[in-house]
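Just below is one structure, and these are the notes that go with it.
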Amino acid sequence: MEIDEAIRASSDRRLQTKYNNAAYIIQRAFALYEFEQVAFSFNGGKDSTVLLHLLRAGYFLYKKNAHHPKGSQKDHVLNCPMRTIYFESPSAFPEINSFTYETASIYDLQLEVICSDFKSGLEALLEQKPTKAIFLGTRIGDPNAVGQEQFSPSSIGWPPFMRVNPILDWSYRDVWAFISTSKVQYCSLYDKGYTSIGSIYDTVPNPLLCTIDSLSNTEKFKPAYLLSDGRLERAGRARKRNQVSEASIDISNGPNIIRSQQNGALMASIIAVGDEILFGNIEDEIAGTLCRKLHAIGWHVSHKAVVRNEIDSVAEEVENRKSTDDLVFLFGGVGPLHLDVSMAGVAKAFGTRLAPDEEFEEYLRHLIGNHCTGDRNEMALLPEGITELLHHEMLSVPLIKCGNVVILSATNAYEVEKQWNCLLESANTPLVQLAPFFSKHLSTMLSDVELSETLSRLCLDFPDLNLSCHRKARTGPLIINFTGKDHTRVELAAKVLSQKYHGAFSEFNFEGV
């Protein structure tokens, strides 16, 4: 079979892995369902074109592995005589219609044309011809891909059938690698700069492929396979505004800024993931740095926790914080090692799964190249449907935000400094810069008993300030900390305390503050 031979002869190891996985899913579907009860939804686009030829290859391999006589294999080298559903729309490009009918003729597809909407048309079709499974060219990143697996039952309210998604984890680059390697025909619109094709009303050539002809001074578009960044595949598609208001989106995907600002400051929580911290093998310098950074832009830190490198431990802590108004900073447990479970914990807390993120995978591919030799890059698996990437030109990979949780990959104070500055400057940063907190620290050898009544009185007289105390050693000096947003009030409170005890206090400066 020419498709199978072409892929196996390729030097593209990633493509071979994707092909083998897709072919396995297809063969598995043929083994689970009677051939007459399986259908293929074809729309003429690049993804369903890839799926068509994968089905041909998968059908060939299924027949081959089923030990059919050699004479019968030849009949299936080119064709997979499967029921093929085509939803013809008056808003479809003429090129899509033409390519669909030409392809059906070449490969002897049993084309069943439906001219109504997808749901009602499918209901009528399945009532006439019982269908247990439908192959779809859905890929992660498609609007309808959220929550789907390779085998996913149809949604509630739809006629019952199994959605089979052999290319769910394929990227834009994988699609064109397959088309190029197998040398199959595709719709001519892709040679005119279209990279993602919808209707004639919401699709234009991808502006990133536009060039100016120096002789005629007119616009021309490079073909779709020359788009270098697959993350921008849908740049030629008009965005549909979500029916949910922008205000509700902001609240659901981050801290409730309006309510928090009424209290004079925004709130943040910090979660550190690491057995090495709990065992005392290392000091947690990152959380301290984050606290100082947050206070410098006027944020309160309401909570700080350290949890084990366990999915359930991370999930439980995130679950406790995700419903608050806090912006949560999580660090540790991010990477390719067995104990890097933070992403899985966040996904579990939000009730979603980890799925390949094509955009993040592209960043990682440029960063680590061929160092990741497995079938897939585990670091590119992110919580599905809730992940937002925060970009900055100084970051080799973007920061990750899931709901109200910002996930940092920093492992030391220097990296925190860099990522913090980039987060502040990011176009869609969740950080709002308010008036900073000011601190003043006094040191004394007076005992706690001598000071307790006076400090209690100061708390009543200065309710807008935070007064805290600590000793580094039991017999060492007592450090009293005054923190607030009004510098004048901070200085006044410190002055009141100093004057009451005449010379018993001296100003103290923390190292690094």
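Give the residues of region 482-513 that are outside any strand (DSSP E or B), aromatic (Phe, Trp, Tyr) and either more than 48 Å from the chain's Cα centre (by Cα) or modelled with pLDDT of 90 or more (or both), sorted by residue number. Result: 501, single match.
I need the helices (runs of 4 or more DSSP H) fully contained in region 301-398, keeping only those with at least 3 residues that are modelled with pLDDT of 85 or more and farther than 21 Å from residue 415 by Cβ.
Details: elements: 311-322, 342-349, 358-368.
Helices (runs of 4 or more DSSP H) meeting the threshold: 311-322, 342-349.
Which members of region 185-201 meet the condition of being within 19 Å of residue 137 (Cβ to Cβ) and not polar (S, T, N, Q)?
Those that are within 19 Å of residue 137 (Cβ to Cβ) and not polar (S, T, N, Q): 186, 187, 189, 190, 194, 197, 198.
Does region 155-177 contain any residue that is within 19 Å of residue 3 (Cα to Cα), outside any helix (DSSP H, G or I) and touching a His at 6+ places or on another chain (Cβ under 6 Å)? Among the residues of region 155-177, not one is within 19 Å of residue 3 (Cα to Cα), outside any helix (DSSP H, G or I) and touching a His at 6+ places or on another chain (Cβ under 6 Å), which makes the answer no.
Only one of the listed residues (462, 437) is touching a strand residue (DSSP E or B) at 6+ places or on another chain (Cβ under 6 Å) and of a type in the set (Phe, Trp, Tyr). That residue is 437. Among the residues of region 2-55, those that are of a type in the set (Phe, Trp, Tyr) and either touching a helix residue (DSSP H, G or I) at 6+ places or on another chain (Cβ under 7 Å) or outside any helix (DSSP H, G or I) (or both) comprise 19, 30, 33, 40, 42.
For region 445-481, give me the residue count where each residue is among the charged types (D, E, K, R), in a helix (DSSP H, G or I) and within 21 Å of residue 491 (Cα to Cα). Working first, answer last.
Quick first cut of region 445-481, residues among the charged types (D, E, K, R) only: 448, 450, 453, 457, 461, 464, 471-472, 474.
Remaining after also requiring in a helix (DSSP H, G or I): 448, 450, 453, 457, 461.
From the residues that got through so far, the ones that are within 21 Å of residue 491 (Cα to Cα) too are 453, 457, 461.
Of the residues in region 445-481, 3 are among the charged types (D, E, K, R), in a helix (DSSP H, G or I) and within 21 Å of residue 491 (Cα to Cα).
Beta carbons closer than 6 Å, at least 6 apart along the sequence or on distinct chains, pair a first residue in region 377-388 that is assigned by TED's automatic domain parsing to the domain that holds residue 311 with a second that is of a type in the set (Gly, Ala, Ser) for 383/347; 384/355; 386/403.
The sole residue among 85, 167, 106, 156 that is modelled with pLDDT of 90 or more and over 26 Å from residue 20 (Cβ atoms) is 85.
Name every residue in region 130-146 that is surrounded by 12 or more Cβ atoms within 10 Å (Cβ to Cβ), in a loop (DSSP other than H, G, I, E, B) and at pLDDT 85 or above, in order of residue number. Let's see the steps before the verdict.
Step one: filter region 130-146 for residues surrounded by 12 or more Cβ atoms within 10 Å (Cβ to Cβ), giving 131-142, 145-146.
Still in the list and also in a loop (DSSP other than H, G, I, E, B): 131-132, 136-139, 141, 145-146.
Matches in region 130-146: 131, 132, 136, 137, 138, 139.
The values are calculated or read from the model by the stated rules, or taken from the named source; none is laboratory data. What you are looking at is a predicted structure, and each value in this text was computed from that prediction instead of being measured. A quick note on method: Cβ atoms are made from the backbone with ideal geometry, for glycine too, and the neighbour counts reach across all protein chains shown.
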